[in-house]
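**Student:** Got a structure here, written out as structure tokens. Questions coming.
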Amino acid sequence: MAGRTGLSRHRRRGLSLLRLAPGSDTPEVLLDGLQFANGLALSADGSFLVVAETSECRLTRYWLTGPRAGRSEPFVENLPGMPDTLWRGAPDGPVWVALAGPRVPPLDLLHRAAPAVRRTAARVAVRAPFRPPGTIGVLAVDDTGQVVHHLVRRHSRFRMVTSVCETGGRLVLGSLWERGVAVCEAPAGK
């Protein structure tokens, strides 16, 4: 894939996936209307990108090559939590998905509300004290969109997993909330 890709915010349309071609100063919009896009990972064969959409609890696939190039489609929907960053360590390994928090039914309902309702709720929520729930999780997805691992820990003292990477047979979990990282054994095989 030539050029660089990244995420950008458009005022009214949500976030966009952008590509900056080599030698160009003008980014090209590849995908528009993403809902709180947080993570981006390339497929093992380089044919598509996976984008994490936190507020929709889904992963979206954007095709880079082949007959579907330039099109997007749901990759994994109805995730058990809000996806944050994505990580593919080994070229043939799965895409690891950090789940920043479990799904919360009132939040799911709010995400389906009109934009004015969501903005009002956001203003009120900013004033409320926030403490992430004690349930943490990560999952791994293969390039067919199948969840191959789903790790959950309830009543954890480590809260709000916002990043995950696999290294040396271990998973290293990061958090915007915590002062350190958490480390656990990576599951073996599929």
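**Student:** Of the conditions (1) assigned to a helix (DSSP H, G or I); (2) open to solvent by less than 50 Å² (accessible area, probe 1.4 Å); (3) not β-branched (Val, Ile, Thr), Gly145 fails just one. Which one is it?
**Tutor:** So Gly145 meets the others, but not (1).
**Student:** Could you tell me which of the residues Ala44, Ala90 is open to solvent by less than 60 Å² (accessible area, probe 1.4 Å), in a loop (DSSP other than H, G, I, E, B), at pLDDT below 90 and within 30 Å of Gly189 (Cβ to Cβ)?
**Tutor:** On the way: Ala44 fails: at pLDDT below 90.
Matching residue, one of Ala44, Ala90: Ala90.
**Student:** Follow-up question, since we're still on this one. When you check Arg61 against the structure, is it part of a strand (DSSP E or B), open to solvent by less than 50 Å² (accessible area, probe 1.4 Å) and of a type in the set (Lys, Arg), yes or no?
**Tutor:** The answer is yes for Arg61.
**Student:** Please enumerate the residues belonging to the stretch 34-80 that are β-branched (Val, Ile, Thr) and either in contact with a strand residue (DSSP E or B) (Cβ under 6 Å, 6 or more places away or on another chain) or within 15 Å of Pro94 (Cβ to Cβ) (or both).
**Tutor:** Val50, Val51, Thr54, Thr60, Val76
**Student:** So Arg157 fits all but one of (1) closer than 24 Å to Cys184 by Cα; (2) under 20 Å from the mean Cα position of the chain (by Cα); what number is the exception?
**Tutor:** For Arg157, the exception is condition (2).
**Student:** Moving to a separate point now. Looking at the stretch 115-138, is at least one residue open to solvent by less than 60 Å² (accessible area, probe 1.4 Å), outside any loop (DSSP other than H, G, I, E, B), β-branched (Val, Ile, Thr) and more than 16 Å from Leu17 (Cβ to Cβ)?
**Tutor:** Yes, the stretch 115-138 has at least one match.
The values are calculated or read from the model by the stated rules, or taken from the named source; none is laboratory data. Since this is a predicted model, take the numbers as computed values, not measurements. As a convention, Cβ positions derive from the backbone with ideal geometry for all residues, glycine included, and neighbour counts pool all protein chains shown. Note: accessible area is taken over every heavy atom of the protein model, side chains too, but ligands, DNA and RNA are not part of it. Shrake-Rupley method; radii C 1.70, N 1.55, O 1.52, S 1.80 Å.
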